[in-house]
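Visitor: First, the structure itself, so that you have it in front of you.
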Amino acid sequence: MANNVTGLLRIIKAAGYSWQGIRAAWQHEAAFRQEAVAAVIAVVVACWLDVDAVTRVLLIGSVILVVVVEILNSAIEAVVDRIGQERHPLAGRAKDMGSAAVLLTILLALFVWITLLWPHAY
């Protein structure tokens, strides 16, 4: 039976599923909690800084991207764990690549913040 939900109701349902995903990440993933708290602090700092709008968007966007990639990494880990707990090279590779994506995104955020704020440090 096909799902015939369309229009505004579909958007509302999708938002509810998204909220469930955020709640699940907060409840079950310590890394997500740490990165989300750091992101909230960074967003507050970015809003407080005397910078132009493009700089502010880049600062905020870079830290939000870390949180987004952490959610995707957590989803990958959950699916791999659902499939089985036994050690398998592909499972390990999937988890390692998800972790690498988070690391690269954190490094990108640091690069963005340092590059954009360094001129204001003097």
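Visitor: When you look at Val68, is it closer than 19 Å to Arg23 by Cα, at pLDDT below 95 and open to solvent by 60 Å² or more (accessible area, probe 1.4 Å), yes or no?
Guide: Judged against the criteria, Val68 is not a match.
Visitor: Scanning region 28-44 for residues that are at pLDDT 95 or above and exposed (fewer than 14 other Cβ atoms within 10 Å of the Cβ), which turns out farthest from Ser99 (Cα to Cα)?
Guide: Here the answer is Val44.
The values are calculated or read from the model by the stated rules, or taken from the named source; none is laboratory data. Here the structure is a predicted model, which is why all the values come from computation and not from measurement. Using ideal geometry, Cβ is built from the backbone for each residue, glycine included, and neighbour counts are taken over all protein chains shown. Please note that ligands, DNA and RNA were not included when accessible areas were found on the heavy atoms of the full protein model with its side chains. Shrake-Rupley method; radii C 1.70, N 1.55, O 1.52, S 1.80 Å.
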